[in-house]
Amino acid sequence: MKRLLNLLILLIPIMLFGQFEPIVGDAGIHYSFANPQITQEGGISYFEFDLMAQATPDEQGNMTRIGDGNIWLYFNTEAFGEDLFTNDNVTVTNGTLLASEGYPFPLYWIGLNDTADPHQNPSLPLLALTFLYELDVPNDIYANQLPATPTQLMHVKFKILNTKKQPWVCIWDVEMPGNSYYSDHQTIYVPVTVSECLYYQIPTPVELSSFTASLSAESYVKLTWVTQSETNMTGYYILRGTSDDLNSAQMVSPLIPATNTSSMQTYEFTDSEVYEDGVYYYWLEARETATSSFHGPVSIAFSSTSTTPATIPLQTALNKIYPNPFNPFACIPFSIGKDAGPTPVSIQIYNARGQIVYSDDLGVKNPGNYKDYVWDGKDMQGRDCGTGMYMVRMIAGKTSFTQKVVMIK
């Protein structure tokens, strides 16, 4: 069926010219673009715009009724790919000029075809749009009048295959003369002119003015970033690595919601789960609805020994286990409160069936923060544990604390 449609579309200009000698009309027609926007459906981005038409010169407005036409579009194939119609990556619907409101029958038909100009070397990827007034000449009085102001002819929707490339589209005017007709299917608009190309400048979702890392008084790493404006942002994540390779970095923060304001905003996140001395690299992921951008890295030298006096925690607690999910190492930080005194501590790990897979007696611990305990994902016989949920239980004296963690392999 699609091949037949393609053939018919290609034959239309031949049929139009082959049946009669066209009559040169008094009016011209000008095609242009309007209302560009990026939309999203089901996680897919689309570039939508209107094709407009108007009579020229101004005094010819509403003096003619629009009939048939062929329009050729060329576009950024890096953003949209080639063969949009063949691959079902384009949708075109009737606009105001091709509307049939109030009539019990359709006035206009639109057909699409992927083609190429054989005179270009290399050939130019084109999308041909053909519109036809479907009634016979005696009934051409039902056709819509063509005003001298830009009026919506069609609405076009391109699927974006690469959101990092700029959406742009142009009307290829080489074949435009002699291909736009009055409603009598015989009189041609002269001249046929087109507007400049449509280049859509994708708005910057976030304007970042700074992203820094510093050591806090507690010897934690504090990340700070400042935005000047935000648009349609979901939020931010912090990633950390031991090299400047983003691919090896791990997410260390929950989603930090964006404010989406046009004024300056300052955000902070404290990474309290760095345990070993060394240089660490941090990235900021700015998350949009369907895409992300990364900023950084910033680096910082971390040392577990600090001249700052150690802070004694107020309460005994099992602190947030990092990372979660993990593979294969999970850091299990905990604290012994200042009023607890020397306290015996042990770690127990259970699988989802409630069976104990690992146990470790850590001995007596004095009040303080303990950030260097790591479970290597093995059971008490040294065998690797499988993917799944585990319960980590810390027993400190007569109290216990439990957290859920997930191992993913």
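All of the numbers you see were taken from the coordinates with simple rules; none came from a lab. What you see is a predicted model; the values in this text were computed from it and never measured. With ideal geometry, Cβ positions are generated from the backbone for all residues, glycine too; neighbour counts draw on all protein chains shown.
Using only Cα atoms, tell me the angle between helix 2-19 and the longest principal axis of the chain; keep it within 0 to 90° and round to the nearest 10.
Helix 2-19 sits roughly 30 degrees off the main axis of the chain.
Going by how many other beta carbons lie within 10 Å of each one, how would you line up Ile321, Ile188, fewest first?
Ile321, Ile188
Could you calculate the contour length gain from Gln201 to Thr259, that is, 0.36 nm times the residue separation minus the distance between their Cα atoms, to one decimal place in nm?
18.6 nm
Identify which of the listed values of mean projected area of the Cα convex hull in nm² was calculated from the structure shown: [x] 30.7; [y] 21.3; [z] 25.8.
The value matching this structure is [x].
Please rank Val252, Val406, fewest neighbouring Cβ atoms within 10 Å first, as an exposure proxy.
Ranked by crowding around the Cβ, least crowded first: Val406, Val252.
For region 2-199, compute the orientation-averaged projected area of the C-alpha convex hull (one quarter of its surface), in nm².
Taking a quarter of the hull surface, the average projection is 11.9 nm².
Output needed: Cys residues of the chain lacking any neighbouring Cys C-beta below 4.7 Å, sorted by number.
Cysteines of the chain left without a disulfide-compatible partner: Cys331, Cys385.
Please give the per residue volume of the convex hull enclosing the alpha carbon atoms of region 164-319, rounded to a whole number of Å³.
For region 164-319, the hull spanned by Cα atoms encloses 195 Å³ per residue.
Considering only the other residues whose Cβ falls under 13 Å of the Cβ of Leu97, what net charge follows from Lys and Arg at +1 and Asp and Glu at -1? Write out the running numbers ahead of the final one.
Working: positive: Arg65; negative: Asp50, Asp68, Glu101.
That sum, taken over residues with Cβ under 13 Å, equals -2.
Could you list Thr266, Thr64 so that the one with the fewest beta carbons within 10 Å of its beta carbon is first and the one with the most is last?
Values: Thr266 10, Thr64 23.
Listed from fewest to most nearby Cβ atoms, that is Thr266, Thr64.
For the chain, what does the relative contact order come out to in percent, with C-alpha contacts under 8 Å and a separation of six or more?
Details: 963 pairs, mean separation 51.2, N = 409.
Dividing the mean separation by the residue count of the chain yields 13 percent.
In µm²/s, what is D for region 254-409 at 37 °C and 0.692 mPa s, where D = kT/(6 pi eta Rh) by Stokes-Einstein and Rh is the Kirkwood radius from Cα pairs? Don't skip to the answer; put the middle values down first.
Numbers: Rh = 18.1 Å.
It comes out at roughly 182 µm²/s.
Could you tally the net charge around Thr402, taking each other residue with its Cβ under 14 Å from the Cβ of Thr402, Lys/Arg +1 and Asp/Glu -1?
On the way: positive: Lys320, Arg393, Lys404; negative: none.
Around Thr402, the surrounding residues sum to +3.
With Cβ to Cβ distances under 11 Å as the rule, what net charge do the other residues near Ser303 carry (K, R +1; D, E -1)?
Once all neighbours under 11 Å are counted, the net charge is -2.
Ratio of alpha-carbon Rg to the 2.2 N^0.38 Å globular estimate for region 317-407, to two decimals, please.
Values: Rg = 12.8 Å, N = 91, 2.2 N^0.38 = 12.2 Å.
Ratio of Cα Rg to 2.2 N^0.38 Å: 1.05.
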